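Presented below is the structure to which this report refers.
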Amino acid sequence: RTYADIDFAAYRRDAAGIGRLLVERGYVDDREVYIRSEGARSIFDHPARQMHLDVFYDRLEFCHVIPLTGRLEADRPTIPIAELLLSKLQIVRINEKDVVDVVLLLLDHELGSGDADTVDVGRIARLCGEDWGLWRTLTQNLDKVRALAAGYPQLTAEQRAAVDVAATALKVRIDAEPKSMGWRMRDRVGDRRQWWTDVEEVR
């Protein structure tokens with residue numbers, strides 16, 4: 001399998017070194033993206049190889065903000081499984097490709113504590129306990145994942161049941177997490193005000 005579009009995560013303190021390294025290897029740095037994002041993101045393209053690289057610094061920022069401070073050392077070669085799952089479940093208008101990614105993550109990784117090839121449910125629950133909007137989107141999307149996975153003919157009955165159990169357990173754990181004062185205040189407003197950021201597709 002070949003990849004033409006790859007996402008990376010890094011700390012902003014390493015941004016200059018990453019930029020030099022990639023430019024030395026023939027990539028073109030789109031500085032406008034870095035400036036517009038206030039240092040949160042870089043895009044590099046390799047004209048000859050037709051490779052497109054996204055580098056996110058300190059956080060994943062789409063419909064919601066997923067902080068990465070202190071998290072990049074927790075697992076390898078990817079960001080921790082919890083953050084991979086969050087990167088999909090935080091999408092307000094989640095599409096079927098992202099739902100499939102969530103299904104595969106839930107089938108391939110157990111829910112638990114810690115990051116050793118595991119979905120750290122405590123990490124996800126804590127973030128949702130601080131951010132009402134993130135909680136709203138994640139719990140909605142977990143319901144969507146359960147509903148869609150139940151109808152996927154590519155999955156066995158056992159796999160469909162496993163996804164249902166995992167998505168339900170994750171939602172229960174999220175809802176059980178103590179909520180911050182800011183969360184409770186935002187809960188009073190509810191859906192009357194938009195709770196996510198509209199994401200501009202940058203390519």
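The values are calculated or read from the model by the stated rules, or taken from the named source; none is laboratory data. This is a predicted model, so every value here is computed, not measured. Cβ: placed from backbone, ideal geometry, glycine included. Neighbour counts: every protein chain shown.
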Could you tell me whether the range 101-115 includes any residue that is part of a helix (DSSP H, G or I) and without any contact (Cβ under 8 Å) to a residue 12 or more places away in the chain? yes
One residue is enough: does the range 86-103 have a residue meeting the conditions closer than 21 Å to Ile174 by Cα, acidic (Asp, Glu) and either in contact with a helix residue (DSSP H, G or I) (Cβ under 8 Å, 6 or more places away or on another chain) or not assigned by TED's automatic domain parsing to the domain that holds Thr139 (or both)? yes
Out of curiosity, is Gly70 surrounded by fewer than 17 Cβ atoms within 10 Å (Cβ to Cβ), without any contact (Cβ under 8 Å) to a residue 40 or more places away in the chain and closer than 25 Å to Ile81 by Cβ? yes
Among (1) touching a Gly at 6+ places or on another chain (Cβ under 7 Å); (2) within 20 Å of Asp108 (Cβ to Cβ), there is one condition Ala166 misses while meeting the rest; what is its number? (1)
Name the single residue, out of those in the range 146-168 being part of a helix (DSSP H, G or I) and exposed (fewer than 15 other Cβ atoms within 10 Å of the Cβ), that is nearest to the chain's Cα centre (by Cα). Thr168
Pick from Glu83, Glu177: which is touching a residue at least 12 places away in the same chain (Cβ under 8 Å), among the acidic types (Asp, Glu) and buried (at least 21 other Cβ atoms within 10 Å of the Cβ)? Glu83
Here is a list of conditions, (1) acidic (Asp, Glu); (2) over 15 Å from the mean Cα position of the chain (by Cα); (3) within 19 Å of Leu68 (Cα to Cα), and Asp143 meets all of them except one; can you say which number that is? (3)
Looking at Ile94, is it within 15 Å of the chain's Cα centre (by Cα) and crowded, with 19+ Cβ neighbours inside 10 Å? yes
Would you confirm, using the coordinates I've provided, whether Arg20 is of a type in the set (D, E, K, R) and buried (at least 19 other Cβ atoms within 10 Å of the Cβ)? no
Tally, over the range 51-87, of residues that are polar (S, T, N, Q) and under 13 Å from Val199 (Cβ atoms): 1
Can you name every residue in the range 181-203 that is within 20 Å of Gln90 (Cβ to Cβ) and either part of a helix (DSSP H, G or I) or more than 22 Å from the chain's Cα centre (by Cα) (or both)? Gly182, Trp183, Arg186, Asp187, Val189, Gly190, Asp191, Arg193
Can you name the number of the only condition in (1) at pLDDT 95 or above; (2) more than 29 Å from Trp195 (Cβ to Cβ) that Ala10 fails? (2)
